[in-house]
Each structure stands twice: as C-alpha cells, then as structure tokens.
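In what follows, a structure is listed as structure tokens, so that the remarks can point back to it.
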Amino acid sequence: MEKKRIKTISNSKPVLGINGLGRIGKLTLWNHIGRKFFSEIVVNIGRKAGTKLEDIALYIEKDSTYGLLHRYLHGYKTQRLFDNLNEEKGTTTIDGVPVTILRETRNPANIPWREYGVKVVVEATGKFTNPTAPVNSKDGSVRGHLEAGAEKVIVSAPFKVKEKDISLPKDIVTIVTGINEQEYDHTRHHIISGASCTTTCLAHMVKPLLDYFGSEKIISASMDTVHAATGTQAVLDRLPKAGATDLRKTRSVMNNIILTTTGAAKTLGLVIPEMNKIGFMAESVRVPISTGSLIILAVTLYDEPDKAPVNRNIINNIYREAAQREKRGYIKYTDEQNVSSDLIGLYGPATIIEGHETHTRTANISLNIRKLYKIPREAAASVPENIEIPITNAAIYGWYDNELGSYTNILGDLTVKIASMVYQ
C-alpha cells in the first residue's frame, strides 16, 4: 500500500522536502502551509519523537512564540487544521496540504526524496552547511540530498567550509532575496545558501545606502546585532564540552546578556561584493527574548565640501523611497516608536527601519598629509601639512523578526522562486 501511494505522486506537482523540524524547519512548514504553492510537503526528522504521530502534530501546531498555527494563518475564530493522522504511514493533512513525516534516517543520502517526488529540499538542521563535504562523509553531507533525488537544496544558514585553501564548488551560491537573486543560475547552482536572518536584514539596510551614495562615499561601516536567543544556547548554566573555547555559550540564556560572534560581515560580502571595498565590522549580543532582533548600523560617510552635509532627513528619505520601490515589502520604514515584541510575526519585511532613532553627526577630521605620504623634500613647501575632510557619522536602526516574520518568509520566497523553475 505504501509503495502504491508513493507512485501516485505526480512529478509535475511541486513537492517540498524539509530536513529538520527545529525552529526554522517548523516555521518553514508553517510558511508553506500558508502559501499553498506546494501540493505536498515531506518533512524528515530522522528519529522517533514522542510516543505517536499526534505528539509531532501537537509540536507543529503549537508555538510558544507565535501561538497556534491555525490562529496565525486564519485568525482567532478558526479551529484546528490537522486531519487524517495516519500513524503507520506517518501522514496527515494540514489546512488541506498533505504532509508526510519521515522518522527513519538522519543522513541526507538515505532520505527517500526520490520516492516521494521531492525535487526541492530546504536543509534546516543547521548541521549540513559544508558544501565541500563528500556524499560519503561519516556523519552525512548536504550533497547527500542530491544523491537521494533532490535537484536543488536550499540551506537555511550560511555555508561553513572547515577546510582552508580549498576551491569552492561551482554549483553553490549564496542568495538573499531582493538583493542578489539575479546571481542564481538554474542550470549551474544546485546548492543554495539563504544566508542568515542577520545577513538578510543587514543586506537590505546596506543596499539603499550603496545605491544612493556609492561605495566611494562610504569610508567605513560597522554593525551590532542585539539578537534574540537561539536553540543553540543553554537554558541553565552547563559544563563546557572538551576543547570549548567560548565559555559564554554554556551560560544561561534566561539570565544573561551574552557577547558572541556573527559571520554577517563575511556573508554580506558574498551577496553585495561592493562591501568588500569598505572596512566593515560585525558584532553580536544575545539577549533573553524569544525573537525580535535589532541591527544598529553605523556608517561613516564622506561629505562633499561644496554641498550640505548628510543629515537624518536624507538618511530617512533614502529608506522611505527604498520601501516604496520595493514592491515585495522587504523594506519597511516607520516613524513609530517600536519595541521588539511589536515585530513578532510581522509578515514579509527583511528589515523595519526605525526612523525615529536615526542619528547623524557631522564634523571635520584633520589629516597630516606628510605623515601619510612620503613627500619629496623639494615639494614639501608647496604641500599643506594638514587637510580637513568633512564626514558624517550615521546610526541607523533596523528591526527584524529573526524567525518567522522576516527570515523564514524571505527564505520561502527564495524556495518558491527556485521550485518554479524546477517544476515547469
């Protein structure tokens, strides 16, 4: 009976595979249940969970951050969306979309994507991020999905290549939708990174500035993300693993502000190469909330001496106009005074610019030319010792729901775009 069911799935109908049912995997399922683009969804969790399929269904249905699935999708008057739970087959229907839960294998190469007609997989475990790892790697590889029948794999995290000085495969690309999706080549790229929630927000904050000023007017830039907790952090203090160097990761997320690192600066250079010309730093601070994060972007701009200096009105107008141009809603501008919980579940925007908090300061910096350059003795008398350069420092605040509202929605747009080409 199981084999007969699998054979009846039409290859012409888009079937999505999701590997992993953690935060991004679960919310990716929510997102695509709401979209109704895929005719079926197959979720691999790779292990037994609870005592029965109903336990998994309850986990999918309820969320401590976003509430109940049916209320999120259709409002508070609606009822439960799960029907036809079949324990033996691991199947159910969620809001009319057939969903199959696979519980047998964690190795991507052994997941039966081909049998279920899955051609596009969202890799959401956070474990398979190295595109150079061979299919037969001991603990599995992202390339295993291709071996198992998928044509495209979308990784919900930045690529992480552990080996140094290794040539990157030609079939990979990092895409932030709304920024560099034109770089995706359907005929060549088979493993696609959707970057991270922070890089996605940051890219949409930086791009309008580059479009307006150009990289030549940006002297330097830095960002700090005040980031919500993630599932990798400890609920209570725990003993570090052998060889651990960052002891803060084992401290209680409930009780602390925790300094950590982010790869957003490096990944940003992949999606906006212009940023590689600019000195850029990125730092991260974790705070004890479940979602709703903030980027504080600091930019130093070169002012033209014969023009009025850059001010907060110019900066805010850049984002107002960018929000109007971006028809898909990836940039939202607001003059409201928000707090982080106001952004939870807000559908669509990669960043919400908090215009009320935009700040600028203009000043002249003095540079000693003779210390910067070796001036020939015979020319020294004609060269001024110091020059003054007008600059403006700008601070820009951008909110993002690092889980469902911002990142997962934009990852869903990327998934549909790629699947539209696969299921033609």
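Here are the numbers for this structure:
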item	result
Boolean, Arg328 is touching a helix residue (DSSP H, G or I) at 6+ places or on another chain (Cβ under 9 Å), of a type in the set (Lys, Arg) and part of a helix (DSSP H, G or I)	no
Which listed residue is in contact with a strand residue (DSSP E or B) (Cβ under 8 Å, 6 or more places away or on another chain) and more than 26 Å from Leu73 (Cβ to Cβ), from Thr351, Thr358	Thr358
Condition broken by Leu239, with the remaining ones in (1) hydrophobic (A, V, I, L, M, F, W, C); (2) assigned by TED's automatic domain parsing to the domain that holds Leu270; (3) assigned to a loop (DSSP other than H, G, I, E, B); (4) within 16 Å of the chain's Cα centre (by Cα) satisfied	(4)
Flag for Leu297 being closer than 26 Å to Thr408 by Cβ, touching a Gly at 6+ places or on another chain (Cβ under 9 Å) and part of a strand (DSSP E or B)	yes
Members of segment 348-362 that are surrounded by fewer than 18 Cβ atoms within 10 Å (Cβ to Cβ) and either farther than 19 Å from Thr198 by Cβ or without any contact (Cβ under 8 Å) to a residue 40 or more places away in the chain (or both)	His356, His359, Arg361, Thr362
Index of the failed condition, Thr225 passing every other in (1) touching a strand residue (DSSP E or B) at 6+ places or on another chain (Cβ under 6 Å); (2) within 18 Å of Gly126 (Cα to Cα)	(2)
Residue in segment 152-169 that is at pLDDT 95 or above and touching a Lys or Arg at 6+ places or on another chain (Cβ under 6 Å) present	no
Answer residue from segment 61-96, given it is at positive phi and exposed (fewer than 15 other Cβ atoms within 10 Å of the Cβ) and is nearest to the chain's Cα centre (by Cα) among those	Gly67
Leading residue by the ranking (modelled with the lowest pLDDT) among those in segment 242-285 that are part of a loop (DSSP other than H, G, I, E, B), among the aliphatic types (A, V, I, L, M) and surrounded by fewer than 17 Cβ atoms within 10 Å (Cβ to Cβ)	Ala244
Number of the condition not met by Ala380 [criteria: (1) at pLDDT 95 or above; (2) more than 30 Å from Ile314 (Cβ to Cβ)]	(1)
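The values are calculated or read from the model by the stated rules, or taken from the named source; none is laboratory data. Source: prediction; values computed, not measured. Note that each Cβ is placed from the backbone with ideal geometry, even for glycine, and that neighbours are counted across all protein chains shown.
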